[in-house]
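Enquirer: Once you've had a glance at the structure underneath, I'll fire off some questions.
The values are calculated or read from the model by the stated rules, or taken from the named source; none is laboratory data. Treat the numbers as computed from the prediction; the structure is a model and nothing was measured. Cβ: placed from backbone, ideal geometry, glycine included. Neighbour counts: every protein chain shown.
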Amino acid sequence: MAQRTDGAAIVLFLVLTVLFSAVFWTLMIGAGHVGAGGGRYVEGLMWCPAAAAFLTILVRRLDVNSLGLSTIGGTYALAGYVTPLVYATIAYALIWILGFGYFPNPDAIAKISTRLGWYINGTASFVVLYFVLMATTAIVSGTAHALGEEIGWRGFLAPRLVSRTGFTWGAIITGIIWTAWHMPILLFADYNSGTPWWFALSCFSVMVVSLSVMLTWLRLRSNSVWPCAIFHGSHNLFIQTFFTPLTGPHGTVTSYAVDEFGVAVPLVALVAAIVFWIYRDRTADSPALGTA
């Protein structure tokens with residue numbers, strides 16, 4: 001999976017990503033809500049890195065196959081689906097066991113049941129059926145949305161940074177850039193779970209850099225961006241639409257534990273990232289990539 005280590009291409013990609021994203025940042029910040037525009041602003045923002053990647057490929061006359069779209073990634077696609085479910089389950093199990101929240105939240109079940117038009121007797125039956133519904137249908141739209149980001153961050157940027165700096169710094173720098181890309185809506189809109197901005201940003205940064213390590217490993221190992229898109233979609237799905245909504249609050253402390261802006265998911269993701277990093281040498285069969 002040899003990549004041209006064209007520094008000008010990386011700069012161009014980043015500049016275009018900022019220019020395209022600024023449109024949607026402005027719309028969401030102006031509305032004060034990331035869900036404004038019926039969710040279309042978020043969808044547009046998530047596809048800005050892909051638009052920047054494709055335009056950079058065109059302008060710099062690079063090989064579009066370098067984005068990793070031509071193969072599905074084999075068993076690594078399944079790993080991309082399962083990995084977020086594993087670390088999210090561990091994180092939320094710790095939240096419930098330690099008393100920072102409880103599961104399931106009957107108020108959330110009532111709201112979701114009304115929205116879905118379900119009339120199911122039994123909490124356990126609802127939880128199982130809702131999980132199956134989300135895990136088999138929502139993952140499709142989640143992956144479609146996440147693909148826009150992944151074409152940019154993992155399809156274009158990460159392999160090129162790794163080829164210049166080695167796996168460790170390539171994954172970390174990509175994660176830092178990815179974090180910074182989220183900062184306008186985290187700091188100036190409502191992309192958080194109600195905690196102070198400094199706490200939300202700290203937790204989110206640890207999580208995103210950790211995810212970047214895992215996603216970069218999957219990208220290089222599979223020679224495909226699809227496992228990354230599935231991973232990203234799976235992460236958003238299980239945390240944002242299953243575990244967090246169905247976790248009931250135990251006072252104000254719950255918001256400091258749950259979601260992407262509390263401590264649980266970032267800490268468990270960090271442990272998972274360390275495991276992936278330990279096996280970073282397994283990406284070395286890509287000829288242009290280092291293992292530092």
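Enquirer: Which pairs do you get when a residue that is within 21 Å of residue 12 (Cβ to Cβ), found in the stretch 155-171, comes within reach of a residue that is among the aromatic types (Phe, Trp, Tyr) and part of a helix (DSSP H, G or I), reach meaning Cβ atoms under 9 angstrom, with the pair 6+ apart or on two chains?
Expert: 156/13; 156/54; 157/13; 157/178; 160/13; 161/169; 162/169
Enquirer: Let me ask you something else. Any idea which of 8, 31, 50, 22 is under 21 Å from residue 179 (Cα atoms) and touching a residue at least 24 places away in the same chain (Cβ under 8 Å)? Explain how you work it out, then say what you get.
Expert: Working: 8 fails: under 21 Å from residue 179 (Cα atoms); 31 fails: under 21 Å from residue 179 (Cα atoms); 22 fails: touching a residue at least 24 places away in the same chain (Cβ under 8 Å).
Exactly one residue qualifies, and that residue is 50.
Enquirer: Within the stretch 100-120, does at least one residue satisfy the condition of being small (Gly, Ala, Ser), surrounded by 12 or more Cβ atoms within 10 Å (Cβ to Cβ) and not in a helix (DSSP H, G or I)?
Expert: Yes, that holds for at least one residue.
Enquirer: Among the candidates 102, 130, 119, single out the residue that is hydroxyl-bearing (Ser, Thr, Tyr) and within 15 Å of residue 240 (Cβ to Cβ).
Expert: 130
Enquirer: Tell me which of these residue 206 doesn't satisfy, since it passes every other one: (1) in contact with a Pro (Cβ under 6 Å, 6 or more places away or on another chain); (2) surrounded by 21 or more Cβ atoms within 10 Å (Cβ to Cβ); (3) closer than 19 Å to residue 94 by Cβ.
Expert: (2)
Enquirer: Okay, moving on. Scan the stretch 197-210 and report the pairs whose first residue is under 17 Å from residue 255 (Cβ atoms) and whose second residue is at pLDDT below 95 and buried (at least 18 other Cβ atoms within 10 Å of the Cβ), with Cβ atoms within less than 6 Å and a gap of 6+ or a chain change.
Expert: Pairs that qualify, where the first residue is under 17 Å from residue 255 (Cβ atoms) and the partner is at pLDDT below 95 and buried (at least 18 other Cβ atoms within 10 Å of the Cβ), are 200/192.
Enquirer: Please give the number of the condition residue 195 fails out of (1) within 19 Å of the chain's Cα centre (by Cα); (2) assigned to a loop (DSSP other than H, G, I, E, B).
Expert: Result: residue 195 fails condition (1) only.
Enquirer: Is there any pair with a first residue in the stretch 265-283 that is surrounded by fewer than 21 Cβ atoms within 10 Å (Cβ to Cβ) and a second that is at pLDDT below 95 whose Cβ atoms are under 7 Å apart and which are 6 or more apart or on different chains, and what are they?
Expert: Hits for this filter: 281/291.
Enquirer: Still on this structure: Can you find even one residue in the stretch 109-128 that is of a type in the set (D, E, K, R) and touching a residue at least 40 places away in the same chain (Cβ under 8 Å)? Can you show your working first?
Expert: The first filter runs over the stretch 109-128 and keeps only residues of a type in the set (D, E, K, R), leaving 111, 115.
If we keep only those that are touching a residue at least 40 places away in the same chain (Cβ under 8 Å) too, we end up with none.
No: zero hits.
Enquirer: Further question: Is it the case that some residue within the stretch 178-193 is buried (at least 21 other Cβ atoms within 10 Å of the Cβ), closer than 23 Å to residue 41 by Cα and of a type in the set (S, T, N, Q)?
Expert: For the stretch 178-193, residues buried (at least 21 other Cβ atoms within 10 Å of the Cβ), closer than 23 Å to residue 41 by Cα and of a type in the set (S, T, N, Q): present.
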